[in-house]
Amino acid sequence: MGSFLDQALNEDKRKADKRREADPADPGNAQEPDWDSIGKPSRPAGRRVGRPKGPERVPLTVRVLPHTNSLLTKAVEELEMNPQSIVEEALLAYFKRNKIQLDPANGEPSSAA
């Protein structure tokens, strides 16, 4: 049996080896990849984590004149709103002003003239 000093040094070395970071290039420490999950997203695409789901929307694609686009860009910057919200509010105001509404019976557009 070694001296007390030898035992203490061996214990310190053992603890240091235990704490030492494993060499990432050492294949002995490599874990087998989960081949079933490679290439699959870890969460559903399209939404950020923690962001609540908003109301259901349908895509709308339109082309506007350059001048209108410049005004929309300026409105986004000044009002600190996104283009979707501005267009939504503008369309609702337009429909209200022109008395365009949905028929409560079937959900189809109707004019309340």
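The values are calculated or read from the model by the stated rules, or taken from the named source; none is laboratory data. For clarity, every value in this text was computed on a predicted model and none was experimentally measured. Note that each Cβ is placed from the backbone with ideal geometry, even for glycine, and that neighbours are counted across all protein chains shown. Quick note on the areas: whole protein, heavy atoms, side chains included, nothing else; ligands and nucleic acids left out. Shrake-Rupley method; radii C 1.70, N 1.55, O 1.52, S 1.80 Å.
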* At a Förster radius of 35 Å, what calculated FRET efficiency corresponds to the Cβ-Cβ distance of Asn69 and Asn106, to the nearest 0.05? -> 0.45
* With a probe of 1.4 Å, find how much accessible area the range 63-113 has per residue, and write the answer as a whole number in Å². => 91
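Can you list which of the trypsin sites (Lys or Arg not before Pro) found in the range 63-102 are DSSP loop residues with at most 13 other C-beta atoms within 10 Å? Provide the component values of the computation, followed by the final result.
Working: sites: Arg63, Lys74, Lys96, Arg97, Lys99; in loops: Arg63, Lys99.
Of the trypsin sites (Lys or Arg not before Pro), the ones in loops of the range 63-102 whose Cβ has at most 13 other Cβ atoms within 10 Å are Arg63, Lys99.
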* To do: Work out from phi, with θ = phi - 60° and the Karplus expression 6.51 cos²θ - 1.76 cosθ + 1.60, the ³J(HN,Hα) of each residue of the range 4-17, listed in order in whole Hz, and give x for Gly and Pro.
  => 4, 5, 4, 5, 5, 5, 4, 5, 4, 5, 4, 5, 5, 4
* Could you give the length gained on full extension between Glu77 and Gln31, defined as 0.36 nm per residue of separation minus the Cα-Cα distance, in nm? -> 11.6 nm
